[in-house]
1. List the residue pairs whose Cβ atoms are under 6 Å apart, where the first residue sits in region 99-120 and is in contact (Cβ under 8 Å) with a residue 24 or more places away in the chain and under 14 Å from Val84 (Cβ atoms), the second is among the small types (Gly, Ala, Ser) and in a helix (DSSP H, G or I), and the two are 6 or more positions apart or on different chains.
2. Cβ-Cβ under 6 Å, sequence separation 6+ or interchain: first residue in region 241-261 and more than 22 Å from Tyr231 (Cα to Cα), partner crowded, with 22+ Cβ neighbours inside 10 Å and polar (S, T, N, Q). Which pairs?
3. Only one of Gly307, Gly271 is surrounded by fewer than 16 Cβ atoms within 10 Å (Cβ to Cβ), farther than 30 Å from Val94 by Cβ, among the small types (Gly, Ala, Ser) and in contact with a helix residue (DSSP H, G or I) (Cβ under 6 Å, 6 or more places away or on another chain); which?
4. Looking only at residues in region 164-179 that are among the charged types (D, E, K, R) and more than 16 Å from Ile255 (Cα to Cα), which one is surrounded by the most Cβ atoms within 10 Å (Cβ to Cβ)?
5. Suppose we filter Ser186, Ser212, Ser194, Ser207 for residues that are over 21 Å from Tyr105 (Cβ atoms) and touching a strand residue (DSSP E or B) at 6+ places or on another chain (Cβ under 7 Å); which single one remains?
6. I'm trying to understand the selection: among the residues of region 80-114, which are among the acidic types (Asp, Glu) and over 20 Å from Pro160 (Cα atoms)?
7. Is it true that Lys125 is of a type outside the set (Gly, Ala, Ser), surrounded by fewer than 22 Cβ atoms within 10 Å (Cβ to Cβ), without any contact (Cβ under 8 Å) to a residue 60 or more places away in the chain and outside any helix (DSSP H, G or I)?
8. Look through region 113-165, keep the residues that are of a type in the set (D, E, K, R) and out of contact with any strand residue (DSSP E or B) (no Cβ under 6 Å at 6 or more places or on another chain), and return whichever of them is farthest from Gln266 (Cα to Cα).
Amino acid sequence: MASKEDVVLTEEAPVPENKSTVVLEKEERPQEAPVLEKKPLSETMNARILGTGTETLVLGHGFGVDQSIWDKIFPSLVGRYRVVLFDWFFSGTVKDPNLFDPKKYCSYYPYAEDLISLLDEMGLKNVILIGHSMSAMIGCIASVKRPELFEKLVLVLASPRYLNTEDYEGGFDAAAVDGMIASIESDYNLWATSFPHAVVDAKDPASVSRFSEYLLKMRPEIVPSLVRDIYYADYRDVLENVTAPCALVQVEKDIVVPTSVAHFMQEKIGGGKSKMETTLEMIKGVGHFPMLTEHEELLGALGRILGFDLERPE
């Protein structure tokens, strides 16, 4: 019969552990933060490709709107080209509001990086960019950084600087811009319904209302800084470094971009070298949104620039 001592010795006695080890094992270990899958830019920027042509057109929209601003234009292009449409992160159609950080997007350079990254992600090179307003200068910056991505730049109502100086007519003075920002901050909805009357042809009330609807979809809190960053910027020094062939499209009467700006850009792009010919297409109309109010005039200009005839279906 085994003694009491023998029984104790044959049992699986617990192994003494370091006190600190026991404490660590008893404590609840912190949970690792879940790794969020980064969505592709083509998804977050609502990018889509329409058409089956051999050449690719990329349509970039301007301030306050989204890709649907091209709705009257792209149906005439998709039979001839692959057409890429997308939204900048400030647009009211972008689902995640955190994608637009005003501190990051305080100049056109982060937008240019987004455009470059989007083209890389989609495997696109030698595209023809049709950039309206701010997208035109964003395209210029992107083409300087990555010239192989761009076969041609079509710059619709582009401006490298909106403020006047002693030797440059940009269209605005600082007091006017500050007054606009004050109006935005005071009553955004009122501004969003009144500003379109100044920049869209008043003879086209449907287009005036449509631009107002675009503005009302935006987050009001991001608009003051966005307007300030656009209107106080100066990208004139970018123009001399642009090597891609360029075509400017200018409306006869636009309060946002006067014709003097188009002539300035035509002179300065590519350093004014004779080998860098920049064409200028003047189209009839009033206002900053010919794709809404003068879409046939705009399509005619694009046909002359790109070499297609609207009367001849593809």
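The values are calculated or read from the model by the stated rules, or taken from the named source; none is laboratory data. Just so it is clear, the structure is predicted and the values come from calculations on it, not from any experiment. All Cβ positions, glycine included, derive from the backbone under ideal geometry; neighbour counts span all protein chains shown.
1. Leu115/Ala142; Ile116/Ala142
2. Short answer, once both residue conditions are applied: Ala244/Ser143.
3. One residue alone meets the criteria, Gly271.
4. Asp178
5. Ser207
6. Across region 80-114, the qualifying residues are Asp87, Asp96, Asp101.
7. yes
8. Glu121
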